[in-house]
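Quick note: the coordinates plus some simple rules give every number you see, no bench work behind them. All of these numbers come straight from a predicted model, not from anything done at the bench. Note: ideal-geometry Cβ built from the backbone for every residue, glycine included; neighbour counts use all protein chains shown.
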Amino acid sequence: MSDNILDIQRLSVAYQSPYGLVRAVDDVSISILKGEVLGLVGESGSGKSTLGLAILRLVPPPGRIVKGSIFYNGVDLLRVDDETIQKIRGREISMVFQDPSSSLNPLMKIKDHFIELFRTHEPNISDKDVEERSIEILKRLGIPSERFNDYPHQLSGGMKQRVYIGLAIALNPKILIADEPTTALDVLIEAQILRLLNRLKRELNLTMILITHNMGVVAENADRIAVMYAGKLVEAASKEEIFAEPLHPYTQGLFESAPNFLRRVRNIASIPGEPPDLINPPSGCLFNPRCPKRFDKCLKEHPPLIDVGGRIVACYLYGG
Amino acid sequence: MENILVVDNVKKYFPIEKSFIERIFSKEKTYVKAVDGVSFKVLRGEVLGLVGESGSGKTTTGLMVVGLTKPTYGRILFDGADIASLSSRELRQLRKKIQMVFQDPMASLNPRMKIGEAVEEPLRIHGIGSAKERREMVSEALQKVGLSPSFMDRFPHELSGGQRQRVVIARAIILKPELIVADEPVAMVDVSVRAQILDLLLSLKKEYGLTYIFITHDLSAASYVCDRIAVMYLGKIVELANTDELFDNPMHPYTKALISAVPVPDPRLRREKFIPSGEIPSPINPPEGCRFHTRCPYAIESCRKNEPTLEEILRDHFVACPVLPFSH
C-alpha cells in the first residue's frame, strides 16, 4: 500500500541473557498508515516497547536486532548508517517514554534541554531563535513560559511529561512513538495528557504509535490496534472490528477479564496462568498453555500471521 | 451489621524537616497534612474501597489502620479498642487480626528467604505451633492461594509476578486475620493476571469471612471488588456510597471527574469527559475552604471559605459538597 508511512517486515530482536536467548520481538510484520494512531497493546514482556525502540535503533545492549527490515520513505532504517539514523531521530521519528522524571536531566533547566536539542540538530541556531521556538512549543503544550528556567524537580509529573512531549515534537517529526506515556500519571492527568496528544496529532499531522497495556487507552485514542503476546504479533485490526469481534483467544481473554465499571459484572472470566518465560517458551503457539480453544496443531508450531477478511491474526482457528 | 472498624476524625501530619537557618528565622513548624480529618466505618464482612489519586492520603489511612503509623489526632477503633493507645504487646496481638498486602510483592518478600520461610514467619513471630505444624499450615495456605506446596523451597526471584502476589496473600491469611488492608494489590501484576488475583481475594473473603479495606487508584478494579467506596482527595473523604450508587449517581464534582476520566475499554461506550484543569495541590498548604475549589467548575464564593463536611445526602450516600448535589 502506498499510504504506509512505516513498514515493519519480519522484525526479530533478541537479548542474550545469562540463562539463554530471549526473543523479545519474534518475526513481527506490521505496517503503520500515514496519519493513523496505531495502538500497540501488550503486557510487560510482550515486546511492545522493544518494537518501539527498534524502529529508532535504540534497543539497548545486550539486545540486538537479529533480522528484518523497517522501511520509512522507502529506506530501510535498519540498514542506513549511524549518521542517517541520528538525523531521523527527533526530526522524522520521535519517541516519548513512560517515566518523565528519568527522561529529563535533573541538572539541566527546562530551557537547557531545548537548547541542547536545537543545537544538536541545527548547530548555527541563535539563542534568540531557540528561546522563541521553545516558548512557542511550551505555549502549545499549556506550560507557562516562566517554567522555562525551572529544573525538572520543580515541575509536577504531568508538567514534566508535557515538557518531554514538547521536546519530542520540537523538530516537527512525522511519527511520534509514545511508550506508555501516561502509565506513571494519575487518572485525571492521564486524561489531560491524552487529550494533549490527540490535539498535537491533529495540529501537526502526526502519525502515532501508542504503546500501552491499557485497553481503555487504545479504545479511546487509537484508530487501529495491534496486540502482542510474548514477542509475537497475535492480532491487528481496526479498533471497531477488534472490539466488536476479537479473533485471537488472547485478545478475547483480555477483553473479558478487564473489569469495566460501566458494565459491572460480578463474575469476570479471567485468563488462567501467566505469560510464558521467554527463556523457556512453550512449544507451538506461545499462548497455547493458557488457551481454552487449543487443539493438537497448536502444540506443534506457532501459527503464522494470516489475513482474515482484511484483518491479521495468528491463530489456527482461522486457518494457516 | 456490626462495625469491625471505626475511624473517627483521624489526622496524620508529617512534620517537615527544616534547615538550621530556616529554624532561626521561623518558629513556625510546617507539616504535610497527609490525612486531615477522615471518618468512616467498616462493616464486618464487607469490602470498603479507598479510592483516590496519589497524594490523596489513602495509603497513609491504610497504614494507620494496621498500626504501622500512629494518627496525629483522632481514634481508630478495632472491635471497640483504640489502636493508637495499645501497648506494643497489645498491638502485636492486634496484628494477628489485621494484616496488610502491599503493592509490590517483590519488595514485600525477602529475596534471601525461601517462600516457605516467608509465609511461615508470622507464625514464628506469634509463637504458633510446632515446626511440623507450621509447615503444614504453610502448605495449606499456599494451596488456598492456588500454589502447590512445592513452592515452599523456591526463592521469590524464581516466581512470576502473579505467583509472588499469591505468596504475599498466603502470608497475610496464615494467621487467620479478620481484616485485611490491601494496598493496590494488583497494580504491579500483569494485566492478564489481575482478574485472577481479584477473584482470589474475593474467594478467600468468602471462605474465611474476611473484611477488606481495598486501597486503589483504579476505579475499574474497585467497582469489581468493593461493596462500598470512599473517594479521597487531598487528605479528605469527599464522597462515600455503595459501589453501584457511586457509579450510577456520583454527586461530588471530583468523583464525577474521576469516573469520567477513566479510559473505558469499549469504543461503543463513548462518554462525555469532564476533566478539571491543573493538578492536585500540595498537602503542605492545602487550599482553604473546599480543597477541590481551585479546580472545580461548580465552585461558588462560599466554597473558598467554608470547608464542607461529609453529609448523608441520600440514604447511605455521603457527599462533602454543598453545591452540586443540590444544583438540579
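When we measure straight from the Cα of A:Lys34, which aspartates and glutamates land under 16 angstrom away, once same-chain ones fewer than 8 places off are left out?
Straight-line reach from A:Lys34, under 16 Å: A:Asp3, A:Asp7, A:Glu92, A:Glu203, A:Asp223.
Please state the charge dipole magnitude for the stretch B:175-228, taken about the Cα centre, from unit charges on C-beta atoms (+1 on K and R, -1 on D and E), reported in debye and rounded to the nearest 20.
Numbers: 5 positive and 8 negative charges, 33 e Å.
With only Lys, Arg, Asp and Glu charged at Cβ, the dipole is about 160 debye.
Hey, rough spin-label estimate for B:Asp79 and A:Ser17, points 7 angstrom out along Cα→Cβ, what's it come to in nanometres?
For the pair B:Asp79/A:Ser17, the computed spacing is 4.5 nm.
Taking the alpha-carbon centroid of each part, what is the distance from the stretch A:265-306 to the stretch B:1-66 in angstrom?
Each part reduced to its Cα centre gives a spacing of 45 Å.
Let's test the formula: R0 of 22 Å, r as the Cβ-Cβ distance of A:His153 and A:Arg199. What FRET efficiency results, to the nearest 0.05? Kindly include the intermediate steps, with their values, before the conclusion.
Details: r = 27 Å, r/R0 = 1.23.
That gives a FRET efficiency of 0.20.
In nm, what is the difference between 0.36 nm times the number of residues separating B:Ser203 and B:Glu133 and their Cα-Cα distance? All intermediate terms of the calculation are to be shown ahead of the outcome.
Working: separation 70, 0.36 × 70 = 25.20 nm, distance 2.47 nm.
Fully extending the segment from B:Ser203 to B:Glu133 adds 22.7 nm.
Measuring from centroid to centroid over Cα atoms, what is the spacing of the stretch A:64-102 and the stretch A:1-55 in Å?
12
Which of A:Ile110, B:Ala141, B:Leu269 sits closest to the plus end of the dipole of the protein assembly as shown, meaning its Cα is farthest towards the positive end, when Lys and Arg get +1 and Asp and Glu get -1 on the C-beta?
B:Ala141
For the stretch B:249-328, build the charge dipole from Cβ charges (+1 Lys, Arg; -1 Asp, Glu) around the Cα centre, then report which of B:Val319, B:Ile284, B:Tyr254 sits farthest towards its positive end.
Positive-end residue among those listed: B:Tyr254.
Run the simple label-point estimate for A:Thr120 and B:Arg268 please: 7 Å along Cα→C-beta, distance reported in nm.
Computed distance between label sites A:Thr120 and B:Arg268 equals 4.6 nm.
Given an 8 Å cut-off on Cα distances and at least 6 residues of separation, report the relative contact order of the stretch B:249-328 as a percent.
Details: 78 pairs, mean separation 21.8, N = 80.
Reported as a whole number, the value is 27 percent.
Work out the mean other chain Cβ neighbour count within 10 Å for the residues of B:185-191 and drop it here as an integer.
Values: counts 0, 1, 0, 1, 3, 9, 13.
Mean partner shielding for this stretch: 4.
When only DSSP loop residues count, what trypsin sites (Lys or Arg not before Pro) in the stretch B:97-129 have their Cβ near at most 11 other Cβ atoms within 10 Å? Please list the in-between numbers first.
Numbers: sites: B:Lys97, B:Arg112, B:Lys114, B:Arg124; in loops: B:Arg112, B:Lys114.
The qualifying sites are B:Arg112.
Please give every one of the aspartates and glutamates within straight-line cross-link reach of A:Lys111, meaning a C-alpha to C-alpha distance under 17 Å, and leave out same-chain neighbours fewer than 8 residues apart.
Output for A:Lys111: A:Glu122, A:Asp127, A:Asp129, A:Glu131, A:Glu132, A:Glu136, A:Glu146, A:Asp150.
Mean separation of Cα pairs under 8 Å and 6+ residues apart, divided by the residue count of chain A: what relative contact order is that in percent? Don't skip to the answer; put the middle values down first.
Details: 552 pairs, mean separation 64.3, N = 320.
Relative contact order, chain A: 20 percent.
Which FRET efficiency value, to the nearest 0.05, is calculated for A:Leu299 and B:Glu140 with the Förster distance at 41 angstrom and r the Cβ-Cβ distance?
Values: r = 34 Å, r/R0 = 0.83.
Rounded to the nearest 0.05, the efficiency is 0.75.
Quick one: how many lysine pairs in the stretch A:166-320 have C-alpha atoms under 30 angstrom apart, if they're 8 or more apart or on different chains?
Close lysine pairs found across the stretch A:166-320: 10.
Can you give the mean number of other chain Cβ atoms that lie within 10 Å of the Cβ atoms in peptide B:220-229? Spell out each step's value before the answer.
Details: counts 7, 3, 2, 7, 9, 2, 0, 0, 0, 0.
Mean inter-chain Cβ contacts per residue within 10 Å come to 3.
How about the stretch B:3-47: which trypsin sites (Lys or Arg not before Pro) there lie in a loop by DSSP and see at most 14 other Cβ atoms within 10 Å? Mind showing how you got there, number by number?
Numbers: sites: B:Lys11, B:Lys12, B:Lys18, B:Arg23, B:Lys27, B:Lys29, B:Lys33, B:Lys41, B:Arg44; in loops: B:Lys18, B:Lys27, B:Lys29, B:Arg44.
Listed in order of number, the matching sites are B:Lys18, B:Lys27, B:Lys29.
Taking Cα atoms of the stretch B:194-321, Rg/Rh with Kirkwood Rh, to two decimals? Show your work: numbers first, answer last.
Values: Rg = 16.3 Å, Rh = 16.2 Å.
Result: Rg/Rh = 1.00.
Any lysines with Cα under 24 Å of the B:Lys18 Cα? List them, leaving off those in the same chain fewer than 8 positions away.
B:Lys27, B:Lys29, B:Lys33, B:Lys70
Highest mean first, how do A:148-161, A:242-255, B:48-61 rank when packing is the count of other Cβ atoms within 10 Å averaged over residues?
On the way: A:148-161: 17.6, A:242-255: 20.9, B:48-61: 24.3.
Put in order of decreasing packing, that is B:48-61, A:242-255, A:148-161.
Treating only the Cβ of Lys, Arg, Asp and Glu as charged (+1, +1, -1, -1), what charge dipole size does chain B show about its Cα centre? Round to the nearest 20 debye.
Working: 44 positive and 41 negative charges, 159 e Å.
The calculated dipole for chain B is roughly 760 debye.
Can you run the Rg to Rh ratio on the stretch B:55-131? Use alpha carbon positions and the Kirkwood inverse-distance Rh. Numbers along the way, then the final one.
Values: Rg = 14.6 Å, Rh = 14.4 Å.
In the stretch B:55-131, Rg relative to Rh is 1.02.
Apply the Debye scattering formula to chain A, with a single equal point scatterer on each alpha-carbon and no solvent, then give log10 I(q)/I(0) at q = 0.12, 0.15, 0.16 Å⁻¹.
Reported log10 I(q)/I(0), two decimals: -0.86, -1.27, -1.40.
What are the principal axis extents of the Cα atoms in the protein assembly as shown, in Å, biggest first?
Extents along the principal axes, in whole Å: 74, 65, 54.
Within 10 Å of each candidate Cβ there may be at most 12 other Cβ atoms; applying that plus a DSSP loop requirement, which GluC sites (Glu not before Pro) in the stretch A:66-147 survive? Please list the in-between numbers first.
On the way: sites: A:Glu83, A:Glu92, A:Glu116, A:Glu131, A:Glu132, A:Glu136, A:Glu146; in loops: A:Glu92.
Loop-located and lightly packed - none at all.
What is the ratio of the Cα radius of gyration of the stretch A:1-98 to 2.2 N^0.38 Å, with N the residue count, to two decimals? Write out the running numbers ahead of the final one.
On the way: Rg = 13.4 Å, N = 98, 2.2 N^0.38 = 12.6 Å.
Rounded to two decimals, the normalised Rg is 1.07.
Work out the length of the dipole vector of the protein assembly as shown about its Cα centre, built from +1 on the beta-carbon of each Lys and Arg and -1 on the beta-carbon of each Asp and Glu, and round it to the nearest 20 debye.
Numbers: 82 positive and 80 negative charges, 175 e Å.
So the dipole magnitude of the protein assembly as shown works out to roughly 840 debye.
With a bin width of 5 angstrom, please list the P(r) values of the stretch B:202-245 as percents of all Cα-Cα pairs, from the 0 bin to the one holding the largest distance.
Taking every Cα pair in the stretch B:202-245, the percentages come to 5, 19, 28, 24, 15, 6, 3, 0.
When you look at the Cβ of every residue in A:209-219, what mean number of other chain Cβ atoms sits within 10 Å? Walk me through the numbers on the way to the answer.
Details: counts 0, 0, 0, 1, 3, 4, 5, 6, 3, 3, 8.
Mean shielding by partner chains, rounded to a whole number: 3.
Taking the Cα centre of the protein assembly as shown as the origin and placing charges on Cβ (Lys, Arg +1; Asp, Glu -1), which of A:Gly47, A:Gln86, B:Phe102 is farthest toward the positive end of the dipole?
B:Phe102
Normalised by the residues of chain B, what does the relative contact order come to in percent, with Cα pairs under 8 Å and at least six apart? Please report the intermediate quantities before stating the final value.
Values: 585 pairs, mean separation 64.9, N = 328.
Result for chain B is 20 percent.
What is the mean projected area of the alpha carbon convex hull for the stretch B:249-328, to one decimal in square nanometres?
Numbers: hull surface 26.5 nm².
Taking the Cα atoms of the stretch B:249-328, their convex hull projects to 6.6 nm² on average.
Divide the volume of the convex hull of the Cα atoms of chain B by its number of residues and quote the answer in cubic angstrom per residue. Please report the intermediate quantities before stating the final value.
Values: hull volume 55.1 nm³, N = 328.
Convex hull of Cα atoms, per residue: 168 Å³.
Considering only C-alpha atoms, what is the centroid distance from the stretch B:278-328 to the stretch B:121-180, in Å?
So the two Cα centres are separated by 44 Å.
Treat each spin label as a single point 7 Å out from the Cα along the C-beta direction, and report the B:Phe155 to A:Lys87 distance in nm.
For B:Phe155 paired with A:Lys87, the spin-label model returns 5.1 nm.
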